[in-house]
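In what follows, a single structure is set out as structure tokens and then discussed.
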Amino acid sequence: MKITKEISIGDVAARSEELRGENMTLNMGPSHPATHGVLRLSLELDGDKVVKCDPVIGYLHRGDEKIAENMTYNQFVPYTDRLDYLAPIANNVAYAIAVEKLAGLKLPARCEAIRVLTCEMARLSSHLLGIGVYAMDTGAWTVFMYTFNEREKLYSLFEELTGARFTTSYTRIGGMTRDLPDGWLAKVSAFCDGVERTIDEVDKLLTRNGIFLERTEGIATISKEMALAYGLTGPNLRASGVPFDLRKDKPYSGYEQYDFDVPVGAKGDCFDRYLVRMEEMRQSVRIVRQVVKTMPGGAWYAEDAKKIFLPPKAKVMTKMEELIQNFMLVTEGPQIPAGEVYFEAENPKGALGFYVVSHGGGVPYRLRIRGPSFVSLSILPAIVPGNFLTDVASILGSLDFVMGECDR
């Protein structure tokens, strides 16, 4: 006669706890394709579920803020290129506006329009790459081919405008390095036609893709309250339902003249962060078209900024006063009055802020940078635990950070 022993749920739970091994510590990065740069995540795993996540930064630290104290204001412009190196022109503009506010400069309408145009093109460039590599992080390779192709077209436009594809250094305190080339705006309009079609193609490939939805929906949800508590900005904040955009709420460079919408998410998960960036690209195209259509004439730099902006080359070669002015600006830098200012712009990754302290002269006494990617990474210990190891790549890609402006 066979005797069976009844086993209670409590016995099973106790046995499972007895058999459970120790948690494993795993380093993801700093050399890992899904970390989008030299980032290390120290993960504690229970099986394949993440129990604890500690981001370790500093592998790309270059001391930008200290370097600024030993350079003239214009000499520091190329260093801003290396912050969010996916949108260098937008970094240039944010830094220049901060210094110009300190100097009390008012720029002509054409200069402001050029800045808006190039910043929105930089946003398109950043989001195209961000969504392309995010798709790769979730297993969809085709999308990257579409988005990277459009980004290459943007780089060709940047090269024609600035002379460089990647680190452009196009902005100067008081204006831009040069005016728009003849026929360039027509090429920008043609690009807008093509990129809109590409955005629609990416939408068809991803937005209703079953695998992509499984990898993103309900993953790493950030509530409105949590997003505000951690200081998130940009698409990551708006995806959590907070309709805050500096271009609308604290407009600069004439953004108030242009008609565009601010996309806002509902749940704040990885999928919402993707949707917000997709719609932001459409809105950027909308702004670019308006700027091209209404581009004003006139000067592309503040002509009355005698002690700040370099005089035209033709005048330097023919007039003594301009020659002396050019020599003084090159050797001593733009003469900025004493004071302090903080300005932040709506960059592709979020609010990029510059705090500048001047004691007068051509070199800042102190400069501090508020990088949105640093803030985005700070929320990882709160949103990664509870997810599986395979979800970490999706979470990192959805935050769309860049280590250049995180480490600085």
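Here are some notes:
- With Cα atoms, 0 to 90° folded angle of helix 88-103 axis to the chain main axis: 60
- Relative contact order of region 72-407, defined on C-alpha pairs under 8 angstrom at six or more residues apart (%): 25
- Inter-centroid distance (Cα atoms) of region 33-51 relative to region 68-131, Å: 33
- Top positive-direction residue, dipole computed over the chain with Cβ charges, set N27, F354, V38: F354
- Structure-derived Cα extents along the principal axes in Å - corresponding label in [x] 85, 44, 44; [y] 68, 50, 41; [z] 115, 45, 33: [z]
- Relative contact order of region 260-356, defined on C-alpha pairs under 8 angstrom at six or more residues apart (%): 15
- Angle in degrees between helix 9-19 and the longest Cα principal axis of the chain, rounded to the nearest 10: 60
- Cross-link table K101/K315; K101/K349; K49/K349; K293/K349; K52/K204; K106/K315, entries beyond 31 Å C-alpha to C-alpha: K52/K204
- Computed from Cα positions, the angle between helix 320-332 and the longest principal axis of the chain comes to roughly 30 degrees.
- Distribution of pairwise C-alpha distances over region 83-229, 5 Å bins, in %: 2, 8, 16, 17, 15, 14, 11, 9, 6, 2, 0
Throughout, read-outs are computed from the coordinates displayed, never taken from laboratory work. Please read all numbers here as calculations on a predicted model, not as lab measurements. Cβ coordinates were reconstructed from backbone atoms using ideal geometry, including for glycine residues, and neighbour counts include every protein chain displayed.
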